[in-house]
Amino acid sequence: MTTWFITGTSTGFGRIMTERLLARGDSVAATLRDPRLLDGLRASAGDRLWVSELDVTDPVAVEHVVGAAFEHFGVIDVLVSNAGYGTFGAAEELSREQIRRSIDTNLLGSIDVIRAFIPLLRRQGHGRILQVSSAGGQAAVPGFAAYHAAKWGVEGFCESVTPELAALGIGMTIVQPGASPTQFTPSRDDGSTLDVYDLGPVGEVRRAIAGGAITHPNDPAKIADAMIACARTEPAPLRLPLGADAEAALRGAYQQRLAGLDEQRDAARSVALDDAAV
């Protein structure tokens, strides 16, 4: 039996993973903003389900809840840092508060959860961390600057921390799901919008979201299953792209970056000291 700690379990991947893990006999420490949403699961799971209210933007609460979960179960094998929030709007349209909320939830909240876990996993001598990002952690779309800033940031954090943890016997994987029909949708409550962006790419994306034209080709249950299976994969893969759309977006982004790097090769090498070997 494996014991899991999952943030953001009210809906989406977090909720599906919680249900599937309990069904197979595992134990779950499930956190969310409104614990009442898991009342139905508690009745059948008994003491294998531990539920706590948690807003990951509150670092004091993060430390307290993580510690309480370890105290309850004794050992936690897998952390799934899944809580997330989507914000849509041109950079000029977004308020500082909206940008800050995205950073606080998707970046700082994830960092705080991971940091709270590291000493506890280190002391128990094993553990696995799954950080949920998205294809948007490497590939950018106009109108999602605040979301990308947070997701690119958390991927950079995880990539740097991964070798630190590997030396301690702790594996880390960045999960990059493609579009899926979950209840995770970008906020369109952006305050004022500017007409100047209506005819450009931000306007195109805004109309696609409002009109329901964004496709969601991936099965959330299959994504949850792939994440569960990944927790047993040795060695832990650094990244786990899930969805043909995610794979295509990531491949295109990588290829575009390499092409841009090639174009600037001469400029990159032109600034060396005169006596430096190239």
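The values are calculated or read from the model by the stated rules, or taken from the named source; none is laboratory data. The structure displayed is predicted, hence computed values, not measured ones. Methodologically, a virtual Cβ is constructed for each residue, glycine included, from the backbone with ideal geometry; neighbour enumeration extends over all protein chains shown. Just the protein is used for accessible areas: all its heavy atoms, side chains included, with ligands, DNA and RNA removed. Shrake-Rupley method; radii C 1.70, N 1.55, O 1.52, S 1.80 Å.
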Inset, instruction - Write out, first by first residue and then by second, each pair whose Cβ atoms fall under 7 Å of each other, whose residues are 6+ apart or on separate chains, and whose first residue, in segment 145-172, is free of Cβ contacts under 8 Å to residues at least 60 places away in the same chain and crowded, with 18+ Cβ neighbours inside 10 Å while the second is polar (S, T, N, Q) and in a helix (DSSP H, G or I). - result: A146/Q98; A146/S102; A150/S102; A150/N106; K151/N106; V154/N106; V154/S110
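Could you tell me which of the residues R207, R257 is part of a helix (DSSP H, G or I), basic (K, R), more than 25 Å from the chain's Cα centre (by Cα) and modelled with pLDDT of 90 or more?
Details: R257 fails: more than 25 Å from the chain's Cα centre (by Cα).
Being part of a helix (DSSP H, G or I), basic (K, R), more than 25 Å from the chain's Cα centre (by Cα) and modelled with pLDDT of 90 or more holds for just one of R207, R257, which is R207.
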Inset, instruction - Evaluate segment 120-127: report whether one residue or more is closer than 29 Å to P237 by Cβ, touching a Leu at 6+ places or on another chain (Cβ under 7 Å) and open to solvent by 40 Å² or more (accessible area, probe 1.4 Å). - result: yes
Inset, instruction - Just one of (1) over 27 Å from G153 (Cβ atoms); (2) open to solvent by less than 60 Å² (accessible area, probe 1.4 Å); (3) in contact with a Leu (Cβ under 8 Å, 6 or more places away or on another chain) trips up R42, so point out which. - result: (2)
